[in-house]
Amino acid sequence: MIRFENVTQRYRGTPQPALDGVDFEVERGEFVFLVGASGSGKSSCLSLITREITPSDGRVLVLGRDTRTLSDRRTPYFRRNIGTVYQDFRLLEKKTVSQNIAYALRVIGRSRAFIKQSVPEVLERVGLDGKGKRLPSELSGGERQRVAIARAIVNGPQVVLADEPTGNLDPTTSVEIMRLLEQINADGTTVVMATHEAGFVDKMRRRVIELRDGRLVRDEVGGAYGDTSALATLRPEVVRGASAQEAFTAATELRRDVEEGRVEPVTSVHPLPEQKSEPAPVAPISPIPVEVEEVGMADRLGIAGSDDEVGPTS
Ligand code: ADP
Ligand code: MG
């Protein structure tokens with residue numbers, strides 16, 4: 001579903017590459033943590049997946065496409081299969097919760113009927129039932145991130161990429177957002193989450209890809225797919241900074257379990273059974289009135305295409 005082949009990413013004016021010979025593959029249905037210190041290259045990986053950038057060297061294959069040979073014109077259509085969630089939420093502040101989500105559907109030409117039905121459904125799915133009429137400023141940080149997640153999943157993407165989605169949230173709220181992403185994954189969506197907060201990562205016992213100075217230094221599967229037993233023991237951290245301790249404790253416990261034979265060390269990927277791989281059908285694009293305020297957001301989300309093109313990429 002996502003494959004990095006010996007990927008090197010150099011930015012202009014920087015001597016050291018941001019990514020250096022990175023190889024990994026993410027299978028359909030996986031939940032993957034992308035971890036590493038600030039500056040290690042996590043966001044660059046996500047930008048390569050969304051084709052905001054293309055690799056200086058090597059290949060990035062996403063949903064069967066080589067991002068380097070994909071045209072700029074087709075990129076918005078390609079991105080409709082990818083939901084994105086960011087640390088800073090990126091909501092339209094003057095729009096209500098429902099309008100924020102409806103907007104993501106309007107720019108890709110979804111019908112009024114589809115929007116009317118799917119917005120309340122997705123709000124319920126993310127736990128924001130009844131909050132559709134609120135403005136983002138009337139929500140807590142956790143609720144704002146739920147809106148962003150609702151917007152990311154409302155069109156049924158195959159992949160959700162989350163870049164430090166808990167970075168602006170307190171520990172308790174972070175755990176709730178983690179659980180929501182786990183739920184979305186359990187419903188069949190591939191999730192890749194970048195975070196530098198290693199706190200609960202090991203405890204979740206999901207696959208962890210670790211970067212250090214642009215190099216891949218760890219890629220391991222910490223738990224079986226569909227195994228949510230780790231969630232029960234996932235406790236909110238009392239204070240920020242406790243995350244390091246949590247990670248250490250979890251890693252120690254796991255190592256002891258493995259050493260004493262209670263847990264099999266898992267070193268290979270066990271993909272879910274193959275699912276149908278066609279992208280969701282996208283309605284023909286009709287010219288729709290888009291307000292000036294919204295245009296910038298469409299650019300930032302990168303999902304709007306030109307009016308003359310129809311349907312998903314092929
Ligand atoms: P992370 O998300 O792990 O913090 P990034 O991918 O943002 O890491 O950054 C990796 C490295 O690439 C850092 O050294 C950063 O300064 C550099 N970098 C990221 N984006 C750019 C850019 N647009 N131009 C130049 N350097 C960049
Ligand atoms: Mg980053």
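The number of residues in the range 18-66 being in contact with a Pro (Cβ under 9 Å, 6 or more places away or on another chain), surrounded by 22 or more Cβ atoms within 10 Å (Cβ to Cβ) and free of Cβ contacts under 8 Å to residues at least 60 places away in the same chain comes to 1. Here the range 93-131 is the region considered, the condition is being in a helix (DSSP H, G or I) and among the basic types (K, R), and the residue that is nearest to T173 (Cα to Cα) is R125.
Restricting the range 185-203 to residues that are buried (at least 22 other Cβ atoms within 10 Å of the Cβ) and among the hydrophobic types (A, V, I, L, M, F, W, C), the residue that is farthest from ligand 2 (Cβ to nearest atom) is F200. In summary, T84 fulfils each of the numbered conditions (1) within 16 Å of ligand 2 (Cβ to nearest atom); (2) assigned to a loop (DSSP other than H, G, I, E, B); (3) not hydrophobic (A, V, I, L, M, F, W, C) with the single exception of condition (2).
In the set R112, R212, R134, R179, only one residue is within 16 Å of ligand 1 (Cβ to nearest atom), surrounded by fewer than 19 Cβ atoms within 10 Å (Cβ to Cβ), at negative phi and among the basic types (K, R); that residue is R212. Counting just the residues of the range 2-15 that are under 27 Å from G188 (Cα atoms) and over 16 Å from the mean Cα position of the chain (by Cα), which one comes out farthest from ligand 2 (Cβ to nearest atom)? Top of the filtered list is E5.
Could you go through the range 74-85 and let me know if any residue there is within 16 Å of ligand 1 (Cβ to nearest atom) and either within 14 Å of the chain's Cα centre (by Cα) or not hydroxyl-bearing (S, T, Y) (or both).
Filtering the range 74-85 for residues within 16 Å of ligand 1 (Cβ to nearest atom) gives 84-85.
Now restrict to residues that are either within 14 Å of the chain's Cα centre (by Cα) or not hydroxyl-bearing (S, T, Y) (or both): 84-85.
Yes.
Name the single residue, out of those in the range 16-48 being among the aliphatic types (A, V, I, L, M) and more than 13 Å from ligand 2 (Cβ to nearest atom), that is nearest to the chain's Cα centre (by Cα). Filtering the range 16-48 for residues that are among the aliphatic types (A, V, I, L, M) and more than 13 Å from ligand 2 (Cβ to nearest atom), the one nearest to the chain's Cα centre (by Cα) comes out as V32.
Rule-based calculations on the coordinates, nothing more; no lab input. None of these values were measured; they are calculated from a predicted model. In this analysis, Cβ positions are derived from the backbone assuming ideal geometry, glycine residues included, and neighbour counts consider all displayed protein chains.
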